[in-house]
Structures are given as C-alpha cells and as structure tokens.
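Taking it in order: structure first as structure tokens, then the write-up.
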C-alpha cells in the first residue's frame, strides 16, 4: 500500500493589498481556500489541512488549523501545517491559497515523484521552481526551523539543492499569485478563458 501524502494549504494571510483575507476571496464561485483544498484533494493528497489565520474558515472536507502567529508571516503557518499532519503520513504537499491556477495534476506529479524515491519535489514552470512543494517527513523539522518570517520551504530548498527533484508542471497550470485587485482580475480573466467563458464587456 502506498504511503499517505497529506496536503497542506497555507491560507492565513490578511490580504492587506487586496482588502480582505485571501482565504475568503471568491473566484469562480469558490473561496480561494476551498479551491486550494479541492486542488490538493483532487491531486491525491489525503488528508488536506488548511492553515488559517486572519479569517476563520469552516471546511467539511478538510482539517482547519488556526495559526495564532499568522502575523509573523508564512513561516509560522508552514510549521503549523506540518505539525498538524497525522503521524501515518510520510510526506506532505504544501501549496498556497493565493495561487488558484495551480492544477491538481501538479500535485499528482509531486506525489508520483515521491513514490519513485524523491524526498523533496518541487513543481517547476518554464524552468523555474515554484509551488507546490513536496517534503518527506524526515525533512520537516529542519525545513520548519529555517522557515522564519514570510518564507516557507524556500530556505530549506536553497540550503539542500542536491535533495531537490524538479518536476515539470508547466502544462498543468501556472503559479500566478493574487496579491492585488489587479492580480485577481487577471487571474479571473485567465480562468474564464481556459473554461471557454466569453469576456464580459
């Protein structure tokens, strides 16, 4: 039986430039938190853990974990999410709620890389490592220690480049961030075009 791989969605930010917490931002009829959790689940992650902070989120198909230190940045949410993963999970895929164009296929490819022996797998777009990121349990403590301030796995990845397996995910979606209202409009337009929805004049 293959080892269980959890999904961890970081959704604690207050979206200061957006004017509302990112977890609650709605896109295509869904909140970013719901979209991200569904993406992880569809990609094969089980269970899915959503780390909240600035806003409370209730999700029937995911475990929500409140990070009381969310104001310190992404690093504390990264640690809180990994700490909440059940003991029988051998790895976790960490994704960001504000990257709704990332596809479930990216998660599937990272989990497949883990099944083939990779202990650190990173989704790559146009040759650049981005998100999501898979980490085997053996690396969680060190990765959490290095995740200080507004960074997650990046310091660990940079400190241990030989561990990293890059997984091409350029055909599965894009890691566009939603930080501003302009970002949200651009991502919404792109999502609509991908679904064949005509532009609204």
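Each reported figure results from applying straightforward, stated rules to the coordinates on display, with no laboratory input. For clarity, every value in this text was computed on a predicted model and none was experimentally measured. Quick reminder, even Gly has a Cβ in these numbers, built from the backbone with ideal geometry, and neighbours come from all protein chains shown.
Of all DSSP beta bridges located in the chain, what percent are antiparallel, nearest 5?
Values: 11 of 32 bridges.
The answer is about 35 percent antiparallel.
Relative contact order of the chain: 22 percent, from C-alpha pairs under 8 Å at least 6 residues apart in sequence.
Using a Gaussian network model of the chain in which every pair of alpha carbons under 10 angstrom is joined by a spring, one finds that among 122, 102, 25 the greatest mean-square fluctuation is at 25. At 222 nm, what helix-only mean residue ellipticity would the chain give, in deg cm²/dmol to the nearest 500, using -39500 (n - 2.57) for each DSSP H run of four or more? For the chain, the value works out to -9000 deg cm²/dmol.
Please report the base-10 log of the normalised intensity I(q)/I(0) for segment 4-54, using a Debye sum with one equal scatterer per alpha carbon and no solvent, at each q in 0.18 (1/Å). Cα-only, vacuum Debye calculation for segment 4-54: -0.55. Using a/c under 1.5 as the rounded threshold, could you call segment 17-106 rounded, prolate or oblate? The axes a ≥ b ≥ c are square roots of the C-alpha gyration tensor eigenvalues, and prolate needs a/b larger than b/c, oblate otherwise. Cα axes put segment 17-106 in the oblate bin. Per-peptide packing, taken as the mean over residues of other Cβ atoms within 10 Å, places 139-145, 7-13, 92-98 in the sequence 7-13, 92-98, 139-145 from highest down.
Could you tell me whether segment 105-195 comes out rounded, prolate or oblate from its Cα gyration tensor? Rule is a ≥ b ≥ c as square roots of the eigenvalues, rounded for a/c under 1.5, then prolate if a/b exceeds b/c, otherwise oblate. Before the final figure, lay out the partial values.
Working: a/c = 2.71, a/b = 1.51, b/c = 1.80.
Judged from the Cα gyration tensor, segment 105-195 comes out oblate (a/c at least 1.5, b/c at or above a/b).
Multiplying the residue separation of residue 88 and residue 58 by 0.36 nm and subtracting their alpha-carbon distance yields 8.4 nm. If you plug the beta carbon distance of residue 4 and residue 138 into 1/(1 + (r/R0)^6) with R0 = 22 Å, you get a FRET efficiency near 0.90.
Contour minus end-to-end for residue 71 and residue 20, with contour as 0.36 nm per residue of separation and end-to-end as the Cα-Cα distance?
On the way: separation 51, 0.36 × 51 = 18.36 nm, distance 1.44 nm.
So the extension gain works out to 16.9 nm.
Relative to the 2.2 N^0.38 Å rule of thumb, the chain has a C-alpha radius of gyration ratio of 0.96.
Each residue, residue 145 and residue 183, gets one label point 7 Å from its Cα in the Cβ direction; the gap between the two is 3.1 nm.
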